[in-house]
Amino acid sequence: MIIENIIISNVRENDVKHVYLSVLALALTACGGGSSSGGTNADSGNSGGDQGRDSPQAIDCSADKSQNLIIPVPEYAGSFSAYQGDYSDFPVGGGLDPENLVGMAQLGILLMVSGSNEGIMHPGPRWTNEQDQPTKYLDYSHNAEGEVWLFTQDGYDAENDLTIRMEQPANCGYNEYQYEDGHLVRALESSKYEWTLKGYTAGVQDSLIETQINTDRSGRTVAVSLPVDGDYPYTIMTWDGNGENVLLKYCETAAGTNCASATAP
């Protein structure tokens, strides 16, 4: 939940229309308060019982090359940061690190599976959660290109169908795509030290957030509504290697030139 709080509280409302991270929707869905994502996959039979508990998923993307969970989850491939504590305790800047995004995805999957009919000891490839209506589904599959987790829930907001597709490609990045009624509304694509989030309305991209992480774990996030309009359309947030000393600027360019203000949120 820290990601949404950071963006909503620190970036102007018009810059974040339709760009809150769908990993939050995933976590809410797993808790029974939100929605899921979708579909089944012909590969899904490749996972589950035939993989065995010692190798629950197709590829090992973890930094320490250890997979010790019964169920498959996305893994963070980069070196772990010095941030400590729960995700809700992360410093503001640290919450935008790709490590945190993958951690929130893991949390959402674990919550979904722990509340499923099959239970957390079930190796998959499908879990069903009927605790709250409508029923939610999680399907896991993999092939040579990587791994896919699909969350499905019909009747999202009593009207729309919601699908969240989470991917861990063979190159160990992490991607997430959210669809409503079959239309893409958010696309998150990330690698070890950067991510891009695009928002769409009626098939047209209307927002963009980009984050770059440095080797010392300091970082920079740039957000803008599209088409670019106004005197200072770019919201830029920077932080130090501890995720602190956050600086917020409103600028004419994504490079950070001709800025109207610089404040510590």
Cut-off under 5 Å, modelled amide H: who pairs with Asp161 long-range: Gly155, Tyr156, Asp181
Taking protein heavy atoms only, a 1.4 Å probe, and rounding to whole percent, the accessible area of the range 212-265 owed to carbon and sulfur comes out at 47
Taking 0.36 nm per residue of separation and subtracting the Cα-Cα distance, what length does fully extending Asn143 through Ala260 add? 37.2 nm
Evaluate E = 1/(1 + (r/R0)^6) for Leu226 and Asp154, where r is the Cβ-Cβ distance and R0 equals 25 Å; express this FRET efficiency to the nearest 0.05. 0.25
Explain nothing, just compute: Karplus ³J(HN,Hα) = 6.51 cos²θ - 1.76 cosθ + 1.60, θ = phi - 60°, for every residue of the range 210-226 in order, whole Hz, x for Gly and Pro. 10, 10, 10, 10, 8, 4, 8, 6, 6, x, 8, 10, 10, 10, 7, 8, 10
Most packed first (mean Cβ within 10 Å per residue), the peptides 187-198, 242-253 order as 187-198, 242-253
Among 91-102, 142-153, 226-237, how do they line up from the highest to the lowest mean number of other beta-carbon atoms within 10 Å? 91-102, 142-153, 226-237
Of every Cα-Cα pair in the range 69-206, the percentage lying beyond 24 Å is 36
Between Glu252 and Gln131, the two model label points (7 Å from Cα along the beta-carbon direction) sit apart by a distance in nm of 5.3
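The values are calculated or read from the model by the stated rules, or taken from the named source; none is laboratory data. Predicted model only: the values in this text are computed from it and were never measured. Neighbour counts are summed over all protein chains in view; Cβ atoms, including those assigned to glycine, are modelled from backbone coordinates with ideal geometry. The area values use the complete protein model at the heavy-atom level, side chains included, leaving out ligands, DNA and RNA. Shrake-Rupley method; radii C 1.70, N 1.55, O 1.52, S 1.80 Å.
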